[in-house]
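Remarks on the structure that follows.
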Amino acid sequence: MTLDSFSTTRLVAEPLTGAHLPDLRRMDQDELFMARLGGVRDKAGTAAYLGWNLEHWAEYGFGLWMLRDAATGDMLGRAVLRHLDVEGVDEVEVGYGFLPEVWGRGLATEVALACVRIGRDQLGLESIVAITLLDHAASQRVMLKAGLVYERNIVHAGLPHVLFRTREGNHRAENQSTTSRSEAAETDEP
Ligand SMILES: CC(C)(COP(=O)(O)OP(=O)(O)OC[C@H]1O[C@@H](n2cnc3c(N)ncnc32)[C@H](O)[C@@H]1OP(=O)(O)O)[C@@H](O)C(=O)NCCC(=O)NCCS
């Protein structure tokens, strides 16, 4: 199956296309955005990133979504459900990134929750992972709020990372609970 656009309360997510190149460039050139994503990319780096993310969509029917402000249409960030090699094991990761001017409003948590739900309900994934650098506290906080739990430290791209993963038990508990997702998002152990 191929996934398409989706919406959250404050965001509209559109599948990546070649037309998003200028939006990707803006994010890839932003030092704060890219600080824990390997640093800023040059033009060729962004073009390569666009290319392999489009290939991912073509091969798997899901991948990177560009995220607009639902109210204004402004481009704010991006999110992914994407295959990831974790120490030789094929996993699907959830990821997110926003322009610095909109940090701290809960947008990453909002889209991460939506991506986890899509991965589970529409792609039928048994688990979804997320990785980040050891010192990226904000991203780890988003992972917790999106219902993932710390699994172990790993080496990825030659650097130490933490690996978080959704849990079957979490999903069952969520399905049985009458607590809304926004309320559940306020706890570390949903
Ligand atoms: C990481 C990132 C996605 C967070 O986005 P966001 O929309 O600000 O995230 P949210 O508002 O949903 O949640 C952030 C949480 O981290 C917390 N936080 C922020 N900075 C923190 C820090 N330095 N230390 C500890 N916690 C921190 C916030 O307080 C918030 O938690 P709370 O709701 O419990 O208070 C954003 O900083 C970003 O886009 N960074 C650049 C791209 C990137 O690094 N992506 C992740 C790659 S793994």
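What's the magnitude of the charge dipole for the chain around its Cα centre, counting Lys and Arg as +1 and Asp and Glu as -1 at the beta-carbon? Answer in Debye, nearest 20.
With only Lys, Arg, Asp and Glu charged at Cβ, the dipole is about 240 debye.
Based on the alpha-carbon gyration tensor of the chain and its eigenvalue square roots a ≥ b ≥ c, which shape applies: rounded if a/c is under 1.5, prolate if not and a/b is larger than b/c, or oblate? Numbers along the way, then the final one.
Values: a/c = 1.40, a/b = 1.25, b/c = 1.12.
Rounded.
For the chain, what is the relative contact order in percent, using Cα pairs closer than 8 Å and at least 6 residues apart in sequence? Let's see the in-between values first.
Numbers: 296 pairs, mean separation 29.4, N = 190.
Relative contact order of the chain: 15 percent.
From the backbone phi of the range 31-46, what are the Karplus-calculated ³J(HN,Hα) couplings (6.51 cos²θ - 1.76 cosθ + 1.60, θ = phi - 60°) in whole Hz, Gly and Pro given as x?
5, 6, 4, 9, 3, 10, 10, x, x, 4, 9, 7, 4, 5, x, 5
Taking neighbour counts of Cβ atoms within 10 Å as a proxy for exposure, in what order, fewest first, do L11, L123 appear?
L123, L11
Fewest first, what order do Y96, Y49 take by the number of other Cβ atoms within 10 Å?
Ranked by crowding around the Cβ, least crowded first: Y49, Y96.
Going by amide H atoms built from the backbone, whose H comes under 5 Å of the H on S127, apart from near neighbours?
It is none; the list stays empty.
Sort S7, S139, S127 so the one with the fewest other Cβ atoms within 10 Å of its own Cβ comes first.
Listed from fewest to most nearby Cβ atoms, that is S7, S127, S139.
Throughout, read-outs are computed from the coordinates displayed, never taken from laboratory work. These figures come from a predicted structure and were not determined experimentally. In this analysis, Cβ positions are derived from the backbone assuming ideal geometry, glycine residues included, and neighbour counts consider all displayed protein chains.
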